[in-house]
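Throughout, read-outs are computed from the coordinates displayed, never taken from laboratory work. Only a predicted model underlies this, so the values are computations on that prediction, with no experimental measurement involved. Cβ placement follows ideal geometry from the backbone for every residue including glycine, while neighbour counts extend to all protein chains displayed.
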Amino acid sequence: MASAPLTLRRWTRVEYERLVDLGAFDGDPVQLIGGQVYVAEPQNSPHATAVGAADDALRAALPEGFIVRAQMPISFSDDSAPEPDLVVVPGRRADYRRTHPTSAALVIEVADSSLEFDRLEKGSLYARAQVPEYWIINLVDRVLEVHCDPARDLAAPHGWGYRSVGAVASPAVVTPIALPSARIRVSDLIP
């Protein structure tokens with residue numbers, strides 16, 4: 001007897017947010033990526049320290065009119081509600097009282113065990129959302145990976161990728177594309 005192939009149930013952002021509101025995930029650190037619900041890995045001490053250090057460095061360098069959101073959802077599409085480690089968005093906190101941001105000037109992920117997932121899945125997702133610049137604080141190699149210039153890439157998981165990818169290390173200073181007055185030392189991002 002032949003068995004029917006298994007079907008993957010993809011969720012919309014609206015369905016996912018309804019499940020979150022109903023407490024379906026019981027406080028688990030989950031996020032919706034491309035219609036699939038992923039449970040986040042627990043944060044080890046180096047990861048948590050890097051998130052905090054990068055948060056401090058960004059807040060100190062940002063011009064007025066931008067804020068940093070740490071590990072909060074962004075609503076880039078109908079099938080995703082990622083929660084990047086850090087995201088820089090225009091405006092004030094009160095601007096997002098009723099809805100999550102739908103665009104970003106910069107998205108940052110801190111990666112150790114999630115490095116390949118952050119490069120491939122999340123990188124493609126952020127490129128599809130037209131985020132001009134995506135940084136990965138790579139704790140494995142102790143470098144900052146800078147991904148710029150989103151473009152269609154049919155081989156990428158979400159059909160988009162970044163054309164320019166490079167790595168910088170301490171003592172370099174980086175300036176986000178969308179924030180030309182901000183100067184951030186790589187050493188402040190990778191403690």
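Taking the DSSP bridge list for the range 45-189 and keeping only pairs wholly inside it, about 85 percent are antiparallel. Ordering Tyr134, Tyr16 by the number of other Cβ atoms within 10 Å of each residue's own Cβ, fewest first, gives Tyr16, Tyr134.
Computed from the C-alpha gyration tensor, the three semi-axes of the ellipsoid equivalent to the chain are 28, 19, 17 Å, from longest to shortest. For the chain, the longest principal axis of the alpha carbon atoms and the long axis of helix 45-61 meet at an angle near 60°. Peptide packing for 159-168, 124-133, 23-32 was compared via the average number of neighbouring C-beta atoms within 10 Å per residue; ordered from the highest value, the list is 124-133, 159-168, 23-32.
Counting only DSSP H runs of at least 4 residues, each contributing -39500 (n - 2.57), and dividing by the residue count of the chain, the helix-based mean residue ellipticity at 222 nm comes to -5500 deg cm²/dmol. Amide H contacts for Leu106 (H built 1.01 Å from N in the peptide plane; partners 5 or more residues away or on another chain; cut-off under 5 Å): Val88.
Note on the range 31-58 and the range 101-174: Cα centroid distance 14 Å, given to the nearest whole angstrom.
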